[in-house]
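Student: Once you've had a glance at the structure underneath, I'll fire off some questions.
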Amino acid sequence: MTKPTIGDLLNGVAVSLRESVLPEIPAGPIRRQIQVAISIIRRVSVAWDKTGPYLYADNKDIEETLRRVCAILDRAGADGSGADLEPMRQRIRATLDRDDDSGVEYPSPAALAARNVELQGQLVELQEALRRPPSPQSAERPPSAERIEILAMLRVLFRRMLERELEVTAPPGAKK
Amino acid sequence: MTVSSAAAVEDLVIRLKGLLKANLHRAEEIQIDNVAPITAGNARQAWEFDVRWIDRGEEKKVSCVMLRKAEAGQLETDLIPEFRIVSALWRSGVPVARALWMDSEGRWLGRPAFIVEKVEGATDLFTLLKSESAERSRAIAQQLAAIAAELHTLDLNKLGIDFLPATTRETAAAQQISYWESLFLKHRMEPHPVMAAAFIWLKEHQPIARRVSIVHGDFRFGNCLYEGHRVNAMLDWEMVHLGDPVEDIAWAYRALWGPQAFLSLDEFVRRYTELSGIPVDSRTLLFYRLLGEVKHSIISLTGARSFMDGRTRNLFLADRASTISSYLMQFLDWLPAEGTRD
């Protein structure tokens with residue numbers, strides 16, 4: 001079954017509530033609650049089928065960025081400047097390898113979301129590792145070319161992530 | 001959510017009479033009329049009503065507003081400091097409602113609540129942001145600058161506000177970062193790497209405050225109770241704290257609700273500095289504008305979490321997490337390039 005789509009159905013519910021139910025409700029807190037419910041249903045009616053592709057694209061983008069981060073950390077490891085970041089590099093590699101082993105052709109939105117949370121966690125951990133002093137004796141991490149390069153890369157990634165999020169979360173008709 | 005059914009009103013009247021009897025020792029024939037719910041944000045329930053009583057043969061009357069803590073919401077603030085700061089600021093030059101009575105533990109009213117004298121006027125952000133009310137909005141924005149100047153230059157030692165956590169010029173920013181980060185870690189429903197990046201940036205760029213002042217914490221157009229072109233009271237002191245005064249200016253000028261269409265930020269700052277003598281450093285202002293985006297994201301997250309956990313059924317909070325992306329995008333838009341000083 002393909003029709004009605006969930007989006008069509010939800011949009012129809014929102015229109016019915018707005019046109020048939022809302023006019024019968026007097027002004028006040030209950031009416032305001034129903035107006036909010038209608039706005040949420042309208043947003044979900046537009047966003048529901050974007051969630052899977054959004055998470056898929058987001059995961060691929062984060063994975064690709066983490067691969068590039070690993071390459072930078074490999075380089076830093078080779079010249080000895082990033083020895084303390086080696087455990088972080090290994091954890092990122094392990095996370096990336098886990099996806100290659102999944103073997104699922106069409107992951108469910110729930111699986112994509114779980115992977116997204118895992119990758120988000122890796123990005124948080126990476127940022128903390130880049131900020132942490134290299135040894136307990138140092139007060140702070142000295143700026144290094146690798147750190148600057150990775151942080152700049154992450155900043156661009158974050159912008160892309162938010163742009164994708166806005167595609168899904170913006171209310172219908174909102175200006176981008 | 002407030003339901004103004006007859007039963008709810010009757011119950012509230014009984015509760016209010018209990019509180020008033022405990023506070024008005026000589027009062028006889030306490031009468032409560034015209035009870036009605038009013039809109040007051042998502043963190044508290046608000047009701048207005050009139051109280052009449054006889055005190056040693058003389059009839060007294062006061063119109064009141066009661067603010068009662070909501071079951072759960074987007075802020076986890078204590079009502080006691082709010083009541084005490086409003087009491088301390090009465091007749092200080094900063095327009096506030098007169099604080100009357102407090103039920104700090106919810107003994108009478110079921111949840112913590114306080115009552116202030118009703119101040120005439122309206123709070124209507126949408127009207128203020130409309131271009132057709134430009135003249136009034138500019139006048140109110142100018143008063144906002146004057147109120148900020150008044151508030152931020154009050155002598156803290158004379159006000160008796162030691163109930164607010166102490167801070168110093170050096171620690172003001174760190175305390176705010178720490179407060180909001182702890183809320184973020186408590187309420188987040190996923191890791192949020194952009195928010196983590198934001199906190200790292202904020203920690204690495206903390207400004208030293210020019211002075212420590214009372215910071216309203218939610219200082220903005222939407223919290224001005226105005227009548228015509230005049231601000232009669234500043235409302236919603238629930239996020240009040242001691243800190244860097246620039247924080248209030250940055251919050252007032254968030255893109256979402258700021259009066260920039262009627263009074264530019266530069267004009268506001270010029271007027272504020274003229275009146276207060278407090279210079280506003282552009283780097284400090286940027287820091288607090290960035291913190292403001294993070295702060296509003298966390299307020300939204302807290303509301304969404306309260307709803308998801310079933311601690312509130314207020315639908316205004318249900319989808320608040322979806323607003324965060326636009327605040328964080330604003331954060332990235334304002335963020336200086338890596339390696340620059342401002």
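Student: So which GluC sites (Glu not before Pro) in region B:150-213 pass both tests, a DSSP loop state and at most 12 other Cβ atoms within 10 Å of the Cβ?
Tutor: Numbers: sites: B:Glu150, B:Glu170, B:Glu181, B:Glu204; in loops: B:Glu170.
Passing both the DSSP loop test and the Cβ count: B:Glu170.
Student: Now for a different question. Based on Cα coordinates alone, diagonalise the gyration tensor for the protein assembly as shown, multiply each eigenvalue by 5, take square roots, and list the semi-axes in whole Å, largest first. Before the final figure, lay out the partial values.
Tutor: Details: eigenvalues 396, 188, 87 Å².
Equivalent ellipsoid semi-axes, largest first: 44, 31, 21 Å.
Student: Would you kindly give the portion of the calculated P(r) for chain A that falls above 21 Å, as a percent of all Cα pairs? Show your work: numbers first, answer last.
Tutor: Values: 9534 of 15400 pairs.
The share of Cα pairs beyond 21 Å in chain A comes to 62 percent.
Student: Label A:Ala27 and A:Asp61 with points 7 Å out from Cα along Cα→Cβ: what is the distance between them in nm?
Tutor: 4.3 nm
Student: Once every DSSP H run of n ≥ 4 in chain B is given -39500 (n - 2.57) and the sum is divided by its residues, what mean residue ellipticity at 222 nm do you get, rounded to the nearest 500 deg cm²/dmol? Numbers along the way, then the final one.
Tutor: On the way: 11 runs with 141 residues, N = 342.
Taking each H run of at least 4 residues, the total per residue is -13000 deg cm²/dmol.
Student: Which of the listed residues, B:Ile38, B:Gly106, B:Thr168, is farthest toward the dipole's positive end in chain B, when Lys, Arg count +1 and Asp, Glu count -1 at the beta-carbon?
Tutor: It is B:Gly106, whose Cα lies furthest towards the positive end.
Student: What distance in nm lies between label points placed 7 Å from Cα along the C-beta direction at A:Glu118 and B:Ala27?
Tutor: 6.2 nm
Student: I've got another one for you. From the helices alone, meaning DSSP H stretches of at least four residues, give me the mean residue ellipticity at 222 nm for chain A, per-run term -39500 (n - 2.57), in deg cm²/dmol to the nearest 500.
Tutor: Numbers: 6 runs with 121 residues, N = 176.
Helix-only estimate at 222 nm: -23500 deg cm²/dmol.
Student: Taking K and R as +1 and D and E as -1, what net charge do the other residues with C-beta under 15 Å from the C-beta of A:Gly7 add up to?
Tutor: +1
Student: Within a 10 angstrom radius of each residue's Cβ in A:119-125, how many Cβ atoms of other chains show up on average? Whole number is fine.
Tutor: Values: counts 2, 6, 5, 2, 6, 9, 3.
Taking the mean over all residues of the peptide, I get 5.
Student: Give the average, rounded to an integer, of partner chain Cβ atoms located within 10 angstrom of each Cβ in B:186-199.
Tutor: Working: counts 0, 0, 0, 1, 6, 10, 4, 14, 11, 2, 10, 8, 1, 1.
Mean shielding by partner chains, rounded to a whole number: 5.
Student: While we're here: Got a sec to turn the phi values of region B:321-334 into Karplus ³J(HN,Hα) couplings, 6.51 cos²θ - 1.76 cosθ + 1.60 with θ = phi - 60°, whole Hz, x for Gly and Pro?
Tutor: 4, 6, 8, 5, 4, 6, 5, 6, 5, 4, 4, 5, 4, 8
Student: How far, in degrees from 0 to 90, does helix B:282-308 lean away from the longest principal axis of the Cα atoms of chain B, to the nearest 10?
Tutor: Helix B:282-308 sits roughly 50 degrees off the main axis of chain B.
Student: How big is the Kirkwood radius of region B:167-309, worked out from every pair of different alpha carbons and given in Å to one decimal? Working shown, then result.
Tutor: Details: mean 1/r = 0.0622 Å⁻¹.
About 16.1 Å for region B:167-309.
Student: Report the net charge of residues surrounding B:Arg305, where surrounding means a beta-carbon distance below 10 angstrom and charges are Lys +1, Arg +1, Asp -1, Glu -1. Present the calculation step by step, with values, prior to reporting the outcome.
Tutor: Working: positive: B:Lys186, B:Arg188, B:Arg311, B:Arg320; negative: B:Asp309.
Its environment carries a net charge of +3.
Student: Tell me, what is a quarter of the convex hull surface for the C-alpha atoms of region A:11-90, in nm² with one decimal? Mind showing how you got there, number by number?
Tutor: Details: hull surface 34.8 nm².
Convex hull of Cα atoms, orientation-averaged projection: 8.7 nm².
Student: Scanning chain B for trypsin sites (Lys or Arg not before Pro) in DSSP loops with at most 13 other Cβ atoms within 10 Å, what's the longest stretch left with none? Intermediate results must be reported in sequence, preceding the final value.
Tutor: Values: sites that count: B:Arg26, B:Arg56, B:Arg91, B:Arg107, B:Lys130, B:Arg313, B:Arg341.
Free of exposed loop sites, the longest segment is B:131-312.
Student: Between A:Val156 and B:Arg107, how many nm apart are label points set 7 Å from Cα along the C-beta direction?
Tutor: In this crude label model, A:Val156 to B:Arg107 measures out at 6.4 nm.
Student: Something else: Please rank B:Phe316, B:Phe307, fewest neighbouring Cβ atoms within 10 Å first, as an exposure proxy. Spell out each step's value before the answer.
Tutor: On the way: B:Phe316 18, B:Phe307 22.
In order of increasing Cβ crowding within 10 Å: B:Phe316, B:Phe307.
Student: Among A:Ala114, A:Ala78, A:Ala57, which one shows the biggest mean-square fluctuation in a GNM of chain A, springs joining Cα atoms closer than 10 Å?
Tutor: For chain A, modelled as a Gaussian network with Cα springs under 10 Å, the answer is A:Ala78.
Student: List A:Thr95, B:Thr39 from most exposed to least, where exposure is judged by having the fewest other Cβ atoms within 10 Å.
Tutor: Numbers: A:Thr95 18, B:Thr39 13.
Fewest to most other Cβ atoms nearby, the residues stand as B:Thr39, A:Thr95.
Taken together, the values in this text are just the output of simple stated rules run on the coordinates, not laboratory data. Keep in mind that what you see is a predicted model, and the values were worked out from it rather than measured. Counting neighbours? That spans all protein chains shown, and the Cβs are built from the backbone with ideal geometry, glycine included.
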